[in-house]
Each structure stands twice: as C-alpha cells, then as structure tokens.
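Student: Dropping a structure here in structure tokens format, bear with me for questions.
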4 protein chains.
Amino acid sequence: MIRVGVLGAKGKVGRAICEAVEAAPDLELVAQVDAGDRIETFVDSRTEVVVDFTSPAVVMPNLEFLVANGIHAVVGTTGFDEERLATVRGWLQSKPEVGVLIAPNFAIGAVLSMRFAAQAARFFDSVEVIELHHPNKVDAPSGTAYRTAALIAEARAAAGRGPSPDATTDELDGARGADVDGVRVHSVRLAGLVAHQEVLLGTQGETLTIRHDSIDRNSFAPGVLLGVREIGARPGLTVGIDPLLDL
Amino acid sequence: MIRVGVLGAKGKVGRAICEAVEAAPDLELVAQVDAGDRIETFVDSRTEVVVDFTSPAVVMPNLEFLVANGIHAVVGTTGFDEERLATVRGWLQSKPEVGVLIAPNFAIGAVLSMRFAAQAARFFDSVEVIELHHPNKVDAPSGTAYRTAALIAEARAAAGRGPSPDATTDELDGARGADVDGVRVHSVRLAGLVAHQEVLLGTQGETLTIRHDSIDRNSFAPGVLLGVREIGARPGLTVGIDPLLDL
Amino acid sequence: MIRVGVLGAKGKVGRAICEAVEAAPDLELVAQVDAGDRIETFVDSRTEVVVDFTSPAVVMPNLEFLVANGIHAVVGTTGFDEERLATVRGWLQSKPEVGVLIAPNFAIGAVLSMRFAAQAARFFDSVEVIELHHPNKVDAPSGTAYRTAALIAEARAAAGRGPSPDATTDELDGARGADVDGVRVHSVRLAGLVAHQEVLLGTQGETLTIRHDSIDRNSFAPGVLLGVREIGARPGLTVGIDPLLDL
Amino acid sequence: MIRVGVLGAKGKVGRAICEAVEAAPDLELVAQVDAGDRIETFVDSRTEVVVDFTSPAVVMPNLEFLVANGIHAVVGTTGFDEERLATVRGWLQSKPEVGVLIAPNFAIGAVLSMRFAAQAARFFDSVEVIELHHPNKVDAPSGTAYRTAALIAEARAAAGRGPSPDATTDELDGARGADVDGVRVHSVRLAGLVAHQEVLLGTQGETLTIRHDSIDRNSFAPGVLLGVREIGARPGLTVGIDPLLDL
C-alpha cells in the first residue's frame with residue numbers, strides 16, 4: 001500500500017482524485033489538505049506521495065516543502081515554464097532520492113494518441129488532424145491538436161518527408177482547415193460533444209486512424225494513479241507522463 | 001424480364017453497367033450501342049429501357065430518338081441545365097407514356113445521406129459537414145458537400161433554427177472550416193481515401209452521425225438498376241433518384 | 001408561452017426537465033408536483049401541459065386526472081402495455097380536445113437513427129448493427145438494438161430482400177454476432193462508453209453508416225420539449241415521438 | 001539507386017510491385033523473372049534486392065539461389081513455418097552479409113495498428129476488437145484479428161491485467177462476440193467493404209480507437225518498398241516488417 005496525500009483536496013479535481021485513490025486497492029488515502037490546512041499534515045501522516053492539483057499561485061512553496069521533506073509529488077497544476085522547472089530541479093539536487101512528476105495532460109489516451117501519431121507519421125504520404133469539441137470552447141484548434149500537429153511535423157521532417165499531397169486549386173476559404181507546421185487541422189464545434197481528436201494517416205490503398213474520445217473530466221484519474229504508483233521509482237524531475245508509459 | 005439497352009456501352013461506366021445488367025436476374029441486356037453504332041438497334045431489339053452514360057455533346061439527339069420511339073431512358077450523362085430539361089419535357093408531351101430519369105448522382109447511399117441529413121437538421125442545435133477525398137481532387141468542398149450543406153441550411157431556416165452555437169474567439173485561420181450557407185464544411189484530402197462524407201448533428205448529450213463511404217466507381221450501379229426497374233412506372237421527366245426511393 | 005407543469009419534479013429526471021423548461025424561452029414552468037403534493041396544483045396554476053416521469057404504480061390515476069381536467073400530457077413513465085393504452089384511449093373519448101403523448105424513448109437521435117435505418121435497409125444488400133455500451137449493462141443486445149434490427153428486418157421483408165450475403169464457413173463461436181430476425185447484432189461493452197449504436201448498410205462499392213452517440217442521461221430533454229410544444233396540436237393518444245418528427 | 005529485381009513478375013501482385021518500383025525515384029527495376037525464365041538473370045543484371053511474391057512450392061530453391069549469390073531478398077510468399085525459417089538461417093550462416101526479410105503482412109498500417117494496440121492495452125480497463133470485411137470472406141474472425149487479440153492478451157497478462165469488465169448476464173447467443181484469449185472479437189461482413197479493423201480501448205471517461213482501413217490490394221506496396229530500402233542494412237533473417245519500423 002502506497003500512502004497518498006492530496007493537495008487541493010476540496011476542489012472539484014481534488015475530490016475526484018481522493019475518490020480514485022480510495023477506490024484503488026493498492027493505495028491508501030492518508031491526508032487531505034486544502035487552503036487553510038496545515039501542510040505539515042503530510043509529514044505527520046507519513047505520506048509517501050502527494051498529488052497536487054492546486055493553482056500556479058500556491059504550487060511552488062508547497063512543492064518546495066514536499067521535496068525538502070522527502071515526499072514524492074505528482075503535479076497537475078498548470079503554469080510550469082522553463083524557469084519554474086529549473087527551480088524544481090535545483091531543489092531536487094539536494095534530495096536526489098525524491099521524484100517529482102509534472103504533467104500538463106494526465107489523460108493516458110490523449111498522450112498515447114499523440115505518441116502513436118508521431119510514430120506513424122513518417123510511414124504515410126498524408127496526414128491530417130480533426131479535433132471535435134463542445135461549442136463553448138473559445139480556441140480553435142485545441143492545444144492538444146496544436147501539439148499533435150507539431151509532433152507529426154517534426155517526425156515527418158526528421159524522416160525527410162515533404163508535405164502531404166494536395167491538388168486543391170479551387171478552395172472555398174477555410175475548407176482545407178488551418179495549417180499548423182504544414183499539417184492541416186480541422187476544428188469541429190458541436191453540441192453533444194466533449195473533447196475528441198482523430199489523426200488520419202493515409203498511403204496507397206490504406207489509412208490508419210487514431211481516435212481519442214474524452215467524455216468526462218475524470219479522464220485524468222487513471223493517469224494520476226499511474227504517476228502515484230511509478231514516481232517512487234523515478235527520482236528527479238519527470239515532465240509529462242510519456243516516460244512512465246515505457247513505450 | 002425488362003429488356004435493357006446501353007448507350008455508351010464501350011466506355012468505362014458503360015461496361016460496368018452492362019455487367020450489372022447481365023448479373024441481374026430480372027433484367028436482360030438486349031442491345032449495346034456506342035459511337036459509330038446504329039441507334040436504331042434499340043428499336044430492332046425491342047429495348048424497353050436504355051441507360052445513357054455518354055457525353056453532353058451527343059446526349060440530346062439520342063434522347064430525342066428514344067422518346068420518339070417510346071423507349072424509357074435512365075440518364076447519367078452530365079450537363080443538364082434548366083434549358084435542356086425543358087426541351088426534354090417538350091418531347092415528352094407528345095409521348096406521355098414514356099419515362100425519362102435524369103440524375104446527377106446515382107449513388108443511393110449519397111442521396112439517402114443528404115436526405116437524412118436534411119430531415120434531421122431541424123432537431124439538432126448543431127450541424128457540421130466533413131467530406132474526405134483522395135488528394136487529386138481539385139475542388140474543396142466537394143459538390144456533394146455543397147449540396148448537403150445547402151439542403152441542411154434550407155431545412156434549418158424553414159424550422160426557424162438560427163446558426164449552430166460557436167463560442168470561438170481565437171481561431172487560427174481556416175480551423176473552423178468553410179461557411180456554406182451558415183453550415184461549417186471541412187475538407188480532408190488524404191492518400192488512401194476515395195470519396196467519403198460525414199454529417200455530424202448534435203444536441204444536449206447526444207449526437208447523430210450520417211456517414212457515406214464510396215470506395216469504388218461502380219457505386220452508381222445499384223442506383224442505375226433501381227432506375228431501370230422503376231422508370232417504366234413513372235411516365236414523364238424525373239430529376240434525381242430521390243423520388244424513386246419512396247421515402 | 002406554454003404553461004408547463006412537471007409530475008415527479010423532485011426525481012433526477014424530473015429536476016432535469018424542470019431545468020430544461022426554465023431554460024426554454026417559449027415555455028414557462030408554472031407547477032412542480034411530487035409524491036405528497038396536491039395534483040390539483042396543475043388546475044390552480046392553469047397548467048397547459050404536464051410532463052410525467054414517475055412510476056408505473058402511480059401514473060394511471062394522475063393521467064386520468066389530467067385528461068379529465070383538459071390538461072395535455074407528455075409521459076415518459078414506463079410500463080404502458082396494450083391494456084393501459086386502451087384505458088387512456090377510453091378516457092380521451094370524452095375529452096377529444098386533449099392530447100396525450102406516451103413514449104418509451106425521447107432521445108431524438110435514437111428515434112431518427114432507427115427510422116433512417118429502416119428506410120435505408122431495402123436499398124442495401126447487407127446490413128448489420130453494432131451497439132456499444134458501458135460495461136455495467138446486463139443485457140446484450142440492448143433493447144434499442146433489438147428494436148432497430150426488428151424494424152430493419154421488417155423493411156427488408158416488405159421489399160422482398162433476402163438475407164445479407166455471408167460466405168462464412170469457418171467461424172469461431174460468436175464471431176458473427178447474434179441473429180435478431182436475420183440481422184446480425186454485435187454488442188461491445190467498454191469502460192469509457194455510455195450508449196452508442198451504429199447501423200452499417202452496404203452495397204457494391206459503397207456503405208452508409210448511421211451512428212447515434214448518447215453520452216448524457218439528459219439526452220431525453222430535447223425530445224420532451226418537442227413533445228410539450230407539439231402535443232397541444234395533436235389531440236388523442238400519440239405513442240412514440242416519431243409522429244411528431246413529421247418525417 | 002538500388003537495383004531491384006522481381007520474382008513472380010507476371011502475377012497480379014508482381015506486376016503491382018514492378019509498377020511501384022518503377023515509380024520510386026530511388027529504385028531501379030533491372031530484372032523481371034517469372035515461371036520459365038532464367039533466375040540467373042538477377043546475377044547478370046547485378047540485382048541488389050529481389051522481391052519474391054511467388055508460391056510455397058517454388059520459393060525455397062529461388063531463395064537458396066539468391067542467398068548463395070549475395071542478393072538480398074524481400075519475401076511475401078506464404079508458407080514459412082519454423083522449419084523453413086531454420087533452413088533459411090542455415091543458408092545465411094555462410095553468407096553473413098546477405099539480408100532476407102520474410103513477412104506475412106506488408107501493410108504498414110495493419111502492422112502499426114497491431115503494435116499500437118498491444119502497447120496501449122495495458123493502460124486500459126477494457127479492450128475489444130471489431131473486424132469488418134467483404135461478405136465473401138470464409139473465416140471469422142480474420143487472421144489479423146486473431147493475431148491482434150493474441151498480442152493484446154499477451155500484453156495485458158504481462159502487465160497483470162485481468163479480463164475486461166463485463167456485467168452481461170442476459171445475452172442473446174453470439175451478441176458479445178468470440179473470445180480469443182479473453183479478448184472479445186466481433187466480425188462484420190458487409191457488401192461494400194474490403195478489409196478493416198478497429199481496436200477499441202477504454203478506461204474511465206476516455207476511449208482510444210485504432211482503426212485500419214485497407215481498400216486496395218496494393219496496400220502492400222509501401223511496405224515492400226520499405227523492405228527493399230532497408231534490407232541491405234540488415235544482414236541475416238528478419239521476420240515481419242516490425243523491426244524495420246524502428247518504433
């Protein structure tokens with residue numbers, strides 16, 4: 001049994017993580033801390049791994065405390081730029097046995113689909129991305145689609161692949177989507193959807209489609225639990241859950 | 001057994017139609033005519049229905065001959081504008097028992113999917129169209145996607161439906177597709193594809209997707225045979241195969 | 001503004017309907033009744049249409065009261081067999097101006113997809129059904145898949161269509177799915193899904209796919225509101241929302 | 001320019017490979033051999049790599065000749081059991097610089113989708129396979145679906161994963177598909193399809209779908225060309241194209 005604590009335990013995400021930890025037979029939820037609570041609780045309860053989904057404003061001192069006290073951390077809080085990552089690496093130098101995982105996306109399916117798309121991209125003549133979201137989303141394409149297209153473009157460039165073939169000469173403005181690093185990206189906004197993405201790859205006579213559907217905000221939970229289980233064996237800073245997937 | 005003839009019998013499409021007629025147990029292929037052959041062959045062989053997939057340059061005199069001789073016609077040749085249709089109606093006035101079917105698209109699946117999309121459109125908050133084709137296609141969107149979007153827009157207007165909801169404020173140029181009568185249309189061009197279209201309709205908590213895949217130029221054959229079987233019972237001019245579908 | 005009341009207003013479904021009515025600009029929520037409340041409230045508040053999602057045990061006297069008082073009803077409560085329907089028809093004879101809608105499924109997308117599948121079935125050589133649900137479902141196939149297959153089988157029989165072609169001679173037990181009236185039905189059970197169904201229709205060179213995805217228990221709301229808006233113009237008993245769709 | 005020869009050059013597959021080689025800017029087609037032709041042609045023409053799509057009855061002596069003469073081989077001919085593979089390894093011992101690739105499936109998309117499915121399988125609670133083929137196929141499931149399910153089962157077992165959750169208690173015979181090593185496999189047979197497969201993986205709130213569509217018998221060509229380009233740098237026997245994909 002791994003002894004797990006949660007920071008930001010009363011937030012919507014925090015509550016979902018508490019539930020997921022309690023439901024896992026190999027994990028024990030030993031401490032819940034939110035704004036106003038004493039962070040020392042994690043030490044008192046001999047917490048081994050803390051999950052932190054709080055806010056950019058408070059995450060740094062909390063993380064410093066955890067590292068200083070030899071507690072591993074799994075962090076989903078946003079706002080980690082290069083400067084902040086360097087600061088965390090600095091703290092870890094004096095505590096080389098501690099592991100910290102900081103990830104922008106814990107949805108395993110999303111991470112796998114980006115990875116597979118990038119791996120497959122160099123074998124196909126053509127590749128395009130369709131992302132589909134609920135109509136309240138303000139940005140198009142989605143951040144995930146941008147990253148996916150960038151990874152695909154990078155893989156194709158490394159393999160010496162030119163652009164996807166396209167004979168279009170007569171286009172109604174916008175029909176062929178947006179151009180992200182040479183990869184066409186189409187953004188659908190539809191009532192009844194949540195967050196979905198499809199990467200289409202094609203060559204002579206065959207196509208490969210990698211589709212990810214996320215219909216629930218809890219889709220981060222399996223990725224967080226994977227992090228909790230693995231971080232103890234991965235001292236130092238790990239960015240993104242990809243390395244944990246051992247692909 | 002219906003006695004069937006084919007005009008343009010040596011062309012690629014014509015040959016496919018001859019094969020389809022020969023394979024049908026209720027149809028008999030009694031005459032094949034191509035450039036240089038005598039059109040009177042259809043009279044000599046007592047042909048009941050002629051299928052015409054020729055060219056705009058030769059279709060009109062052939063059609064006039066067929067009507068004058070009391071032979072029904074199923075026509076896939078392109079180039080029929082209002083003026084040509086009026087001319088055909090004129091010929092049919094003196095031969096009220098003859099049926100002529102002129103259709104721009106014999107793929108039953110394509111026709112049905114347009115029809116269903118238009119029927120469903122008024123019940124959903126959102127609707128978008130994705131069409132996917134081989135990369136040698138020069139126009140985007142496809143003609144079918146234009147027609148589909150126009151039918152959807154018409155149905156929504158008739159039902160007093162406003163535009164699909166869309167909170168996008170931050171768009172990379174082209175991401176949200178082309179605007180056809182207020183309906184967003186996305187055009188994918190990918191090696192390994194032939195001709196495909198997806199209409200996505202969504203409302204609170206549910207979506208309906210109508211997808212048509214055509215992977216073979218022979219996908220017109222079942223629609224042509226339907227026309228051959230039905231046109232004898234439909235005197236006068238019929239435009240498009242929709243009326244034959246009895247929906 | 002239509003004056004709407006809700007019976008079973010404190011239940012999960014009832015609360016969702018109250019919210020949907022309040023959010024609709026052309027409807028006014030004027031009365032909410034649950035177990036223990038006076039049903040006369042609907043008369044006092046001059047309610048025009050009552051939505052009833054209660055239980056088979058209490059629905060009949062409530063419905064009798066509504067009809068007797070000239071109030072239209074939209075009923076999603078289950079358990080209506082032929083006998084109960086006959087009883088309701090009897091009440092309506094003395095109140096010919098009242099409309100009652102009783103429907104087993106208010107998800108418009110589900111109803112449309114069954115309808116379209118049945119309409120398309122006679123034009124395709126092959127048809128199969130795949131239904132996909134969360135892994136807690138106890139029955140396979142789903143009730144909707146049974147009904148869909150039955151409607152398809154009926155349409156094919158009426159058109160003189162034989163069984164879908166199938167050359168399988170070497171089958172691992174169960175691979176080809178279940179046989180419902182001669183239509184193959186495949187049931188997928190997968191974590192991360194809710195309720196989904198795909199009807200695949202195919203003929204030479206083309207396929208048509210009609211897919212319905214329901215990811216939210218609120219997907220009945222648009223169908224209920226449609227019923228509320230239409231039932232005033234449809235005196236007598238209407239079973240199922242199909243007639244309201246004017247297809 | 002790699003100098004390429006083709007064995008079985010007049011067969012349907014052989015002709016398609018000749019065309020693909022001629023269309024590739026970095027490959028030169030220098031020899032075509034079929035039944036009755038002299039195999040020494042490959043030596044005379046200084047062929048570097050020979051592609052062999054012939055028959056189990058003739059492939060072994062041809063392959064022995066090629067290895068003996070220092071010519072690399074890319075072999076799509078079927079019928080290689082462990083005994084035949086051992087024989088080929090024996091020949092290669094005295095010619096350690098020669099590379100031989102023997103692969104049952106050259107469709108890159110099919111190979112990648114099996115690989116990705118196996119990699120992803122251990123991260124998801126549920127996994128099922130749907131394979132869809134033309135109605136003339138005699139076996140169900142397809143060979144590819146069997147292999148895919150077996151790879152998935154192996155990966156799940158290695159990760160200590162139990163069976164996919166399934167609460168079904170009331171099943172119409174066959175609805176839940178066939179059981180291949182504990183993985184459910186569904187086989188659809190539909191006119192208008194060619195060869196398609198979908199692996200569905202699901203966990204809380206998210207699903208990942210890996211779909212492969214093959215609509216053309218030429219979908220082996222890109223994989224064969226990949227083999228031709230890579231085999232020179234891979235002395236010894238390589239079984240399957242997976243190692244060439246460098247994943």
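Bear in mind these aren't lab numbers, they're just calculated from the coordinates by the rules spelled out. In this text the structure is predicted, and so the values were computed from the model without any measurement. Quick reminder, even Gly has a Cβ in these numbers, built from the backbone with ideal geometry, and neighbours come from all protein chains shown.
Student: Highest mean first, how do A:170-183, D:78-91 rank when packing is the count of other Cβ atoms within 10 Å averaged over residues? Spell out each step's value before the answer.
Tutor: Numbers: A:170-183: 18.8, D:78-91: 12.8.
Going from most to least packed, we get A:170-183, D:78-91.
Student: Return the distance in nm (one decimal) between the two label points of a simple spin-label model at C:Val138 and D:Lys12, each offset 7 Å from Cα along Cα→Cβ.
Tutor: Taking the simple label geometry, C:Val138 and D:Lys12 are separated by 5.1 nm.
Student: Moving to a separate point now. Which cross-chain or sequence-distant (5 or more) residues have an amide H under 5 Å from the amide H of B:Val188, H modelled 1.01 Å from N in plane?
Tutor: Under 5 Å from the amide H of B:Val188 lie the amide H atoms of B:Glu131, B:Leu132, B:His133, each far enough along the sequence or on another chain.
Student: Report, by chain and number, residues whose modeled amide H sits under 5 Å from the one on D:Val180, excluding near sequence neighbours (fewer than 5 apart, same chain).
Tutor: It is D:Val185, by chain and number.
Student: So, one more: Once you list every other residue whose beta carbon is under 15 Å from the beta carbon of B:Ala73, what net charge do they have if Lys and Arg are +1 and Asp and Glu are -1? Each step should come with its number before you reach the end.
Tutor: Working: positive: B:Arg3, B:Arg84, B:Arg89, B:Lys95, B:Arg229, B:Arg234; negative: B:Glu48, B:Asp52, B:Glu64, B:Glu97, B:Glu230.
Net of charged neighbours comes to +1.
Student: Separate question: Let me spell out the model: positive unit charges on the Cβ of Lys and Arg, negative unit charges on the Cβ of Asp and Glu, origin at the Cα centre of segment B:37-105. What dipole size does that give, in debye rounded to 20?
Tutor: On the way: 5 positive and 10 negative charges, 18 e Å.
Dipole size: approximately 80 debye.
Student: Assigning unit charges at the beta carbon (Lys, Arg +1; Asp, Glu -1) and nothing else, what dipole magnitude in debye, to the nearest 20, does segment A:96-247 show about its Cα centre?
Tutor: Once rounded to the nearest 20, the dipole reads 380 debye.
Student: If packing is taken as the average number of other Cβ atoms within 10 Å across a peptide's residues, how do A:134-144, A:45-55 rank, most packed first? If you can, show how the numbers build up before the last one.
Tutor: On the way: A:134-144: 18.0, A:45-55: 21.3.
Highest mean packing first, the order is A:45-55, A:134-144.
Student: Shape verdict for the protein assembly as shown, please, from the Cα gyration tensor: rounded (a/c under 1.5), prolate (a/b greater than b/c) or oblate. Display every interim value, and only then the final one.
Tutor: Values: a/c = 1.90, a/b = 1.01, b/c = 1.87.
Oblate, since a/c reaches 1.5 and b/c is not below a/b.
Student: Restricting to the protein assembly as shown, what percent of DSSP beta bridges are antiparallel, rounded to 5? Walk me through the numbers before you get to the answer.
Tutor: On the way: 98 of 214 bridges.
Approximately 45 percent, going by the DSSP bridge assignments.
Student: Quick check on my link table: of A:Lys12/C:Lys12; B:Lys12/B:Lys137; A:Lys10/C:Lys12; D:Lys12/D:Lys95, which ones sit more than 28 Å apart, alpha carbon to alpha carbon?
Tutor: Values: A:Lys12/C:Lys12 21 Å; B:Lys12/B:Lys137 20 Å; A:Lys10/C:Lys12 25 Å; D:Lys12/D:Lys95 32 Å.
Among A:Lys12/C:Lys12; B:Lys12/B:Lys137; A:Lys10/C:Lys12; D:Lys12/D:Lys95, the Cα-Cα distance tops 28 Å for D:Lys12/D:Lys95.
Student: Among D:Val188, D:His134, D:Pro163, whose Cα lies farthest out toward the positive end of the dipole of segment D:132-247, if unit charges sit on the beta carbon of Lys, Arg (+1) and Asp, Glu (-1)?
Tutor: The residue sitting farthest along the positive end of the dipole is D:His134.
Student: A further question follows. Counting each DSSP H run of 4 or more residues in chain B as -39500 (n - 2.57), what helix-only mean residue ellipticity at 222 nm follows after dividing by all residues, to the nearest 500 deg cm²/dmol? Before the final figure, lay out each step's value.
Tutor: Values: 7 runs with 81 residues, N = 247.
After summing the helix terms and dividing by residue count, I get -10000 deg cm²/dmol.
Student: Going by alpha carbons, how many degrees (0 to 90, nearest 10) lie between the helix axis of B:108-121 and the longest principal axis of chain B?
Tutor: So the helix axis and the longest Cα principal axis differ by about 40 degrees.
Student: Let me ask you something else. Which FRET efficiency, nearest 0.05, do A:Ala157 and A:Glu64 yield, Cβ-Cβ r, R0 35 Å?
Tutor: Numbers: r = 39 Å, r/R0 = 1.12.
Given R0 = 35 Å and the Cβ-Cβ separation, E is 0.35.
Student: If you count, for every residue in B:119-130, the Cβ atoms of partner chains within 10 Å of its Cβ, what is the mean? Don't skip to the answer; put the middle values down first.
Tutor: Numbers: counts 7, 9, 0, 2, 9, 7, 5, 8, 2, 6, 1, 5.
If you average over the peptide's residues, the count of other-chain Cβ atoms is 5.
Student: How big is Rg to Rh over chain C, alpha-carbon atoms, Rh as the Kirkwood inverse-mean-distance radius?
Tutor: On the way: Rg = 20.6 Å, Rh = 19.8 Å.
Rounded to two decimals, Rg over Rh is 1.04.
Student: Taking the Cβ of A:Val4 as the center, what net charge do the other residues with Cβ under 15 Å away carry, scoring Lys and Arg +1 and Asp and Glu -1?
Tutor: Numbers: positive: A:Arg3, A:Arg15, A:Arg46, A:Arg229; negative: A:Glu19, A:Glu22, A:Asp26, A:Glu28, A:Asp44, A:Glu48, A:Asp52, A:Glu230.
Result for the neighbourhood of A:Val4: -4.
Student: In D, who owns the beta-carbon nearest the axis carrying D over to A, and how many Å from it?
Tutor: Nearest Cβ to that rotation axis, in whole Å: D:Phe116, 2.
Student: Around A:Ala120, what is the net charge, scoring Lys/Arg as +1 and Asp/Glu as -1 over all other residues with Cβ under 15 Å from its Cβ? Write out the running numbers ahead of the final one.
Tutor: Working: positive: A:Arg115, A:Arg122, A:Arg156, A:Arg161, A:Arg211, D:Arg115, D:Arg211; negative: A:Asp125, A:Glu128, A:Glu154, A:Glu198, A:Glu206, D:Asp213, D:Asp242, D:Asp246.
Summing Lys/Arg as +1 and Asp/Glu as -1 gives -1.
Student: Between the helical axis of D:12-23 and the dominant principal axis of chain D, each derived from Cα atoms, what acute angle in degrees is found, rounded to the nearest 10?
Tutor: The angle comes out near 70 degrees.
Student: Determine the dipole magnitude for the protein assembly as shown: charges of +1 sit on the beta-carbon of Lys and Arg, -1 on that of Asp and Glu, nothing else is charged, the reference point is the Cα centre, and the result goes in debye to the nearest 20. Before the final figure, lay out the partial values.
Tutor: On the way: 88 positive and 132 negative charges, 1 e Å.
In debye, rounded to 20, the protein assembly as shown gives about 0.
Student: Note down the relative contact order for segment C:168-247 as a percent, whole number, built from C-alpha pairs under 8 angstrom at least six residues apart. Provide the component values of the computation, followed by the final result.
Tutor: Values: 44 pairs, mean separation 12.7, N = 80.
With pairs under 8 Å counted, the relative contact order is 16 percent.
Student: Please tell me the relative contact order of chain A in percent, rounded to the nearest whole number, where contacts are Cα pairs under 8 Å and at least six residues apart. Write out the running numbers ahead of the final one.
Tutor: On the way: 435 pairs, mean separation 56.8, N = 247.
With pairs under 8 Å counted, the relative contact order is 23 percent.
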